[in-house]
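The structure appears right after this line, and notes come after that.
The values are calculated or read from the model by the stated rules, or taken from the named source; none is laboratory data. This one's a predicted model, so the numbers in the text were calculated from it and none came from an experiment. Because the Cβ atoms are built from the backbone with ideal geometry, glycine has one as well, and the counts that use them run over all protein chains shown. For the accessible areas, the whole protein counts, side chains as well, though only heavy atoms, and no ligand, DNA or RNA atoms are used. Shrake-Rupley method; radii C 1.70, N 1.55, O 1.52, S 1.80 Å.
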Amino acid sequence: MRVAFFDTKSYDKKSFDKYAGLNGVEIKYFETKLNLDTAELAHGFDAVCAFVNDTVDKDVIDRLSEMNVKAVALRCAGFNNVDMRHAFGKIHVLRVPAYSPYAVAEHAMALLLTSIRRIHKSYIRSRDFNFSLSGLTGFDLHGKTVGVIGTGRIGRVFIDIARGFGMKVLAYDKFPSPGLENADDVRYVSLDELYENSDIISLHCPLTDDTTHMINEETLKKCKKGVVIINTSRGGLVDAEDLLNAIKSRHVGAACLDVYEEESDLFFEDNSGHILNDDILARLISMPNVIVTSHQAFLTEEALENIAKTTIKNLVDLFEDGQCANELCFRGNAAEDCKSGKCF
């Protein structure tokens, strides 16, 4: 089996080489992202391996199908960059539904702690031998209320971490997790109640038509003054311009962002020698109460190992057995994990 691997970074190769070698899979690494202009590189390959900022739209799917590429193996959980409706019946789409929920949830908490305890500012000061504490006053997490939107694997781990800090949790999910709610410190509520009563809001849900820009001007108005917004899921969950305006008006107290809606041409690359043309992102980064990391939450040794292991297993299962438990199918109006074992 030959796999064309797009948007390659140095940290990808170690784990993928290991599991590809163990399973007789040949990988050709390409640094370029997958799009219509680069899809031709997949000629002669059985499958392509894509990441979050690769483009797998109608035109790319058609071109891959014409070249007899059988599968798109996503080395991530999200699939909003794939036209699933068009893929159905043309090409198999595989994903990694869970690689390390701890990695993402811990990063979300790290961003929160860094922000509210001004650790980033203190670090910069001490590098200049400035040990003044002026302007570094934070607040306790103990006793605060955190709203968690999305209670899948990552959301539940984040809730466990928050409970460890003595926080109260208001949770929202269209499909509540059985056994999560308790009378003491975790309660499922409506989105409006979550917005109105949370000191901190952390997003852990997929990007869908229903969740796109769920954090916007109207929902931010419902939030407490001084609310802290955390997003380690998908950039499109937040209307960045509305968030910027709410920060400027002092209604939002802080923002911790590991993702950004227009990140595809910026994140994962060194742009330090270039002028940033995205004015909204530039202004967000310039704000003293905003922390932006570059889609880094997944990046732990354990997560990279699990991503490679699962991605290679997905491909081996599909090509040797004709089915894969982590295949995505388009059913009705939404994409979901294949329950039958075969999508076509």
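Name the residues in segment 239-283 that are of a type in the set (F, W, Y) and either touching a Gly at 6+ places or on another chain (Cβ under 6 Å) or within 24 Å of L136 (Cα to Cα) (or both), would you?
Answer for segment 239-283, where residues must be of a type in the set (F, W, Y) and either touching a Gly at 6+ places or on another chain (Cβ under 6 Å) or within 24 Å of L136 (Cα to Cα) (or both): just Y260.
Quick one: which of R187, R153 is open to solvent by 40 Å² or more (accessible area, probe 1.4 Å) and under 17 Å from A103 (Cα atoms)?
R153
Counting only residues that are over 16 Å from V69 (Cα atoms) and basic (K, R), which one in segment 1-37 is most open to solvent (accessible area, probe 1.4 Å)?
For segment 1-37, the residue satisfying everything is K14.
Just the residues that are in a loop (DSSP other than H, G, I, E, B) and loosely packed, with under 14 Cβ neighbours inside 10 Å, please, taken from segment 272-284.
S272, G273, H274, I275, L276, N277
Give the residue that is nearest to H107 (Cα to Cα), with candidates limited to residues of segment 228-271 that are polar (S, T, N, Q), open to solvent by 20 Å² or more (accessible area, probe 1.4 Å) and free of Cβ contacts under 8 Å to residues at least 60 places away in the same chain.
Looking at residues that are polar (S, T, N, Q), open to solvent by 20 Å² or more (accessible area, probe 1.4 Å) and free of Cβ contacts under 8 Å to residues at least 60 places away in the same chain, I get N271.
Of the residues that sit in segment 199-223 and are more than 21 Å from V104 (Cα to Cα) and open to solvent by less than 60 Å² (accessible area, probe 1.4 Å), which one is nearest to the chain's Cα centre (by Cα)?
Looking at residues that are more than 21 Å from V104 (Cα to Cα) and open to solvent by less than 60 Å² (accessible area, probe 1.4 Å), I get N216.
Against the condition open to solvent by 20 Å² or more (accessible area, probe 1.4 Å) and without any contact (Cβ under 8 Å) to a residue 12 or more places away in the chain, how does S122 come out, does it pass?
So S122 does not fit the description; no.
Assess whether G89 counts as being outside any helix (DSSP H, G or I) and either of a type in the set (S, T, N, Q) or loosely packed, with under 15 Cβ neighbours inside 10 Å (or both).
So G89 fits the description; yes.
One residue is enough: does segment 107-119 have a residue meeting the conditions buried (at least 16 other Cβ atoms within 10 Å of the Cβ), touching a Phe, Trp or Tyr at 6+ places or on another chain (Cβ under 7 Å), at pLDDT below 95 and of a type outside the set (F, W, Y)?
No, segment 107-119 contains no residue that is buried (at least 16 other Cβ atoms within 10 Å of the Cβ), touching a Phe, Trp or Tyr at 6+ places or on another chain (Cβ under 7 Å), at pLDDT below 95 and of a type outside the set (F, W, Y).
Find all pairs meeting these conditions: Cβ atoms under 6 angstrom apart; at least six residues apart or on different chains; first residue within segment 204-227 and in contact (Cβ under 8 Å) with a residue 24 or more places away in the chain; second residue hydroxyl-bearing (S, T, Y) and not in a loop (DSSP other than H, G, I, E, B).
T219/Y195; K222/Y195; C223/Y195
Of everything in segment 43-68 that's acidic (D, E) and part of a helix (DSSP H, G or I), which residue is most open to solvent (accessible area, probe 1.4 Å)?
Result: E66.
Taking segment 1-42 as the search range and keeping residues that are within 21 Å of the chain's Cα centre (by Cα), touching a residue at least 24 places away in the same chain (Cβ under 8 Å) and part of a helix (DSSP H, G or I), which one is farthest from D54 (Cα to Cα)?
Among those residues, the one meeting the criterion is S15.
Please pick out the residue among A71, A77 that is crowded, with 21+ Cβ neighbours inside 10 Å and either modelled with pLDDT of 95 or more or of a type in the set (K, R) (or both).
Testing whether each residue is crowded, with 21+ Cβ neighbours inside 10 Å and either modelled with pLDDT of 95 or more or of a type in the set (K, R) (or both) leaves just A71.
Could we say that F129 is within 24 Å of the chain's Cα centre (by Cα) and aromatic (F, W, Y) here?
In short, no.
Looking only at segment 133-171, which residues are more than 17 Å from the chain's Cα centre (by Cα), of a type in the set (V, I, T) and more than 14 Å from L112 (Cβ to Cβ)?
Correct list: T137 only.
If S100 passes every condition in (1) under 21 Å from T212 (Cα atoms); (2) buried (at least 17 other Cβ atoms within 10 Å of the Cβ) but one, which one does it miss?
(1)
Name every residue in segment 162-184 that is among the aliphatic types (A, V, I, L, M) and crowded, with 16+ Cβ neighbours inside 10 Å, in order of residue number.
Passing the criteria: A162, M167, V169, L170, A171, L180.
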